[in-house]
Amino acid sequence: MAVIQKYGKSYSPDLVCHKENHPPDKIAAPGCHKKWTEHNTHWPRPVARVWTVVLLLGTCLLYCARVAMPICSVTMAEKFGWTKRESGMVLGSFFWGYCFTQVFGGYVSDRVGGEKVLLLSAAAWGSMTAFTPILARFCSQPIFSMTLARFLMGLLQGVHYPSLASLCSQKVVESERGFLMSTVGSGSYLGTLVIGGAGSLMLDLYGWESVFYVSGLLSVLWAYCMWKYLLKGEGPIITLESLGSGGPQSKLSKRHWLRLFKQPAVCAVIVTHLCTASTFFTLLSWLPTFFRDTFPEAKGWVFNVIPWLVAIPSSLFSGCLSDHLISQGFDTASVRKLMQFFSMGVSSVFTLLLCGNTTFPWAVTFVSATMGLTTFSHSGVSVNVQDLAPSCAGALFGVMNTCGAFSGVLLVYFSGYLIEASGSWASVFALITTVNLLGLCTFLAFAEARRFDIDYTKVRHHNIHI
């Protein structure tokens, strides 16, 4: 008779399966022995650290290329005679492209590997950034070429974060995912700071073209170094055959996807990410206007730089803290909820403090605390999707990010309406707090950390041997 061994908190039924003649389990890897193969593909800690640094730099360059156009938009509008509406059309076109490739990028990454998608997309959006000045100069209607270029940039960069989620779920052990995702996530703040400082300097000294040339060429160089030294020169070719027969763990049927979306924990992740992304986009969009309206004599570099300087170490700290707690034996779901409580709960306290009459130093302090605590979501909901469905984490994260981006735009527009209708910033901060608390309550009530991309009924049946 079979002997069923009891495991600890990391126990998963499919880890104790032996080779057998049962038909493949369609909702997970074919054959339970496949789990061992998947487990053994995790990076050793030294390799994971190298990849963490490389991906951090890549995310930094991603934002350097993304923010290049907003930095240069005023100068370009003066040169090409764009109106405010035309400038807004150019800047807004990025968003539409960004939304369309989230799910696709995660789907492809789950099948062929996130590192290949990251490499190809970085080479593409880096080249697009470097060629932007050429497109603007040699096109008879720069407004159309720049709108198209920004739309394509959104398409190409939309696969980045879903690919990261897929790569992390496949290559990083559970107890180290928080550190990697929070560290790589801090690259967005670092990139915003770098391009804000160095980009403004290049704009004044060498013209707007230099900002695109430098950020684009550095991105292409990063992609080359990643291919040469980390992938050892392996061809990052994605064929139709590889999409059809990619990693077996990524093959989920429509029926199983529907079953996945019926799980309360999966819905909670989507709703929570939607709330945290939309409130972050709203703060990012309206905080500069808040400071200009409330403190017109304040120096812009103070409130545009200090919150991001706080966000970087805060993001790193949250990753170290979450991984440390998990390695000490704390329940993974509880740790994810704790991180999200800081991100959405504690940060909302500082957001509400902005509703009253404050001085400029206190306002900067409250905003810095809000933005710093918000980064804890990198170790909360952003990693939780990898706990729930590591075999399709990229595609699922793409669904989350698409919902978050759309809801973010809606909340930004609605916040502008509230400001005009009420004439008070308190209504906006109260709205942000309400949305945050809604997402937090959903996450605390329904979040889990066990896998839902495996049919445990079939697995338990496979565990019985005669």
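Just one of the listed residues (S182, S210, S186, S163) is farther than 30 Å from L388 by Cα and polar (S, T, N, Q), namely S210.
Of S145, S140, S121, S163, which residue is in the same structural domain as S109 (by the TED database), outside any helix (DSSP H, G or I) and either surrounded by fewer than 20 Cβ atoms within 10 Å (Cβ to Cβ) or not charged (D, E, K, R) (or both)?
Numbers: S145 fails: outside any helix (DSSP H, G or I); S121 fails: outside any helix (DSSP H, G or I); S163 fails: outside any helix (DSSP H, G or I).
Unique residue meeting the criteria: S140.
Right, S334: surrounded by fewer than 20 Cβ atoms within 10 Å (Cβ to Cβ), assigned by the TED database to the domain that holds F317 and farther than 27 Å from F94 by Cβ or not? Before you say what the answer is, go through the steps one by one.
Numbers: surrounded by fewer than 20 Cβ atoms within 10 Å (Cβ to Cβ): yes; assigned by the TED database to the domain that holds F317: yes; farther than 27 Å from F94 by Cβ: yes.
Here the answer is yes, as S334 does meet what is asked.
Going by what's in this entry, would F397 be described as closer than 30 Å to K254 by Cβ and aromatic (F, W, Y)? Quick ask: steps written out before the conclusion?
Details: closer than 30 Å to K254 by Cβ: yes; aromatic (F, W, Y): yes.
Yes: the conditions hold for F397.
Within region 322-354, the residues that satisfy the criterion of being without any contact (Cβ under 8 Å) to a residue 60 or more places away in the chain and of a type outside the set (V, I, T) are H324, L325, Q328, F330, S334, L338, F342, F350, L353.
Screening A421 against (1) at pLDDT 85 or above; (2) crowded, with 16+ Cβ neighbours inside 10 Å leaves a single unmet condition, (2). In region 119-138, the residues that are among the charged types (D, E, K, R) form Cβ pairs under 9 Å with partners that are open to solvent by 10 Å² or more (accessible area, probe 1.4 Å), at six or more places apart or across chains, as follows: R137/E209.
Is it true that F397 is at pLDDT 95 or above and touching a helix residue (DSSP H, G or I) at 6+ places or on another chain (Cβ under 9 Å)? If you could, list the steps in order and put the result at the bottom.
Working: at pLDDT 95 or above: no; touching a helix residue (DSSP H, G or I) at 6+ places or on another chain (Cβ under 9 Å): yes.
So F397 fails the test.
Taken together, the criteria exclude L309 from residues that are open to solvent by 60 Å² or more (accessible area, probe 1.4 Å), part of a helix (DSSP H, G or I), without any contact (Cβ under 8 Å) to a residue 60 or more places away in the chain and of a type outside the set (G, A, S).
Working carefully through the options T359, T351, find the one that is modelled with pLDDT of 90 or more and open to solvent by 20 Å² or more (accessible area, probe 1.4 Å). Walk me through how you get there before you give the answer.
Numbers: T351 fails: open to solvent by 20 Å² or more (accessible area, probe 1.4 Å).
It is T359.
Just one of the listed residues (F397, F341) is surrounded by fewer than 19 Cβ atoms within 10 Å (Cβ to Cβ), in a helix (DSSP H, G or I) and within 21 Å of the chain's Cα centre (by Cα), namely F341. Among the candidates V103, V90, single out the residue that is assigned by the TED database to the domain that holds S219, within 29 Å of S278 (Cα to Cα), at pLDDT below 95 and open to solvent by less than 50 Å² (accessible area, probe 1.4 Å). Exactly one residue qualifies, and that residue is V90. The criterion of being closer than 21 Å to Y161 by Cα, assigned by the TED database to the domain that holds V53 and in contact (Cβ under 8 Å) with a residue 60 or more places away in the chain holds for S186.
The values are calculated or read from the model by the stated rules, or taken from the named source; none is laboratory data. Keep in mind that what you see is a predicted model, and the values were worked out from it rather than measured. We place every Cβ from the backbone using ideal geometry, glycine too, and count neighbours over all the protein chains shown. All accessible areas refer to the heavy atoms of the entire protein, side chains included, with ligands and DNA or RNA removed. Shrake-Rupley method; radii C 1.70, N 1.55, O 1.52, S 1.80 Å.
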